[in-house]
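Down below is the structure, laid out as structure tokens.
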Amino acid sequence: ETGVTQSPTHLIKTRGQQVTLRCSSQSGHNTVSWYQQALGQGPQFIFQYYREEENGRGNFPPRFSGLQFPNYSSELNVNALELDDSALYLCASSSRDRSYNEQFFGPGTRLTVL
Amino acid sequence: TQLLEQSPQFLSIQEGENLTVYCNSSSVFSSLQWYRQEPGEGPVLLVTVVTGGEVKKLKRLTFQFGDARKDSSLHITAAQPGDTGLYLCAFDSSGSARQLTFGSGTQLTVLP
């Protein structure tokens, strides 16, 4: 069974640029959630994708967008990068067929915005 | 707004000591989860507690869910350097998105 993978591992961008982060979900999981984790903080929910549609969104502006593909993999896109976007971006996969929302996280992508 | 408060924020202890970290809220939860996150990694699920008063054990880790399902604790017996990490509690929104809302975490350092 393959776990959640994310790419790239690290990324450095400058203000105003755009970035795309990728996530492959764990085998058998149909739901992908994205989180932003600032240094020393807990992860904050960005949005979730289920059946290729956004299925809930946290308090993040529209310049944060995403996609889910038929194989359940997902992308997170961030436009017009700001310095405060520097963080660890985590992808988590889960199955909506389960009673409890147990999510399995990837290792994250460390984004630095200069 | 449901918030989770974790305490202490930082904890540094010697190998072999016992410790307890807390996760508190004014809201009632249907379930609560505990995760551990090591540097450069994503959080890893340790346990899900569901029933008020429930106690679950995972080797040297003991998790308890408060009777009123508003709080939880994690007790580690005879801590080891391998226990070092960020301990996070989280609740499930149970809404359509079923998002997880995390506390700010307890950073534990176990010194050899």
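Observations, loosely collected:
- Only strands (runs of 3 or more DSSP E) whose full extent lies in the stretch A:8-114 are considered here, and the ones with at least 1 residues that are touching a residue at least 40 places away in the same chain (Cβ under 8 Å) and away from every other protein chain (no Cβ under 14 Å) are A:10-13, A:19-24, A:74-78, A:109-113.
- Being farther than 25 Å from A:LEU88 by Cβ and either of a type in the set (Lys, Arg) or at pLDDT below 95 (or both) holds for only one residue in B:VAL49, B:VAL55, and it is B:VAL49.
- B:ASP71 vs. criteria acidic (Asp, Glu), at pLDDT below 90 and under 30 Å from A:ASP97 (Cβ atoms): no
- Looking only at the stretch A:1-29, and only at residues there that are surrounded by 15 or more Cβ atoms within 10 Å (Cβ to Cβ) and of a type in the set (A, V, I, L, M), the one that is farthest from A:GLY108 (Cα to Cα): A:VAL19
- When B:LEU11 is tested against the conditions (1) surrounded by fewer than 19 Cβ atoms within 10 Å (Cβ to Cβ); (2) over 16 Å from B:SER104 (Cβ atoms); (3) out of contact with any Lys or Arg (no Cβ under 8 Å at 6 or more places or on another chain); (4) not β-branched (Val, Ile, Thr), the lone failure is (2).
- Residue list for the stretch A:68-91, restricted to those being at negative phi and in contact with a His (Cβ under 9 Å, 6 or more places away or on another chain): none
- The set of residues in the stretch A:67-86 that are buried (at least 20 other Cβ atoms within 10 Å of the Cβ) and more than 15 Å from A:GLN18 (Cα to Cα) comprises A:GLN68, A:TYR72, A:SER74.
- From B:VAL21, B:VAL50, B:VAL28, B:VAL44, residue being among the β-branched types (Val, Ile, Thr), surrounded by fewer than 20 Cβ atoms within 10 Å (Cβ to Cβ) and away from chain A (no Cβ under 12 Å): B:VAL28
- Number of the exception - B:SER26 against (1) of a type in the set (S, T, N, Q); (2) farther than 27 Å from A:TYR49 by Cβ; (3) part of a strand (DSSP E or B): (3)
- Residues within the stretch B:64-82 that are over 17 Å from B:GLN9 (Cβ atoms), more than 14 Å from chain A (Cβ to nearest Cβ) and not in a loop (DSSP other than H, G, I, E, B), tallied: 4
The values are calculated or read from the model by the stated rules, or taken from the named source; none is laboratory data. Keep in mind that what you see is a predicted model, and the values were worked out from it rather than measured. Glycine also receives a Cβ, built like all others from the backbone with ideal geometry; neighbour counts cover every protein chain displayed.
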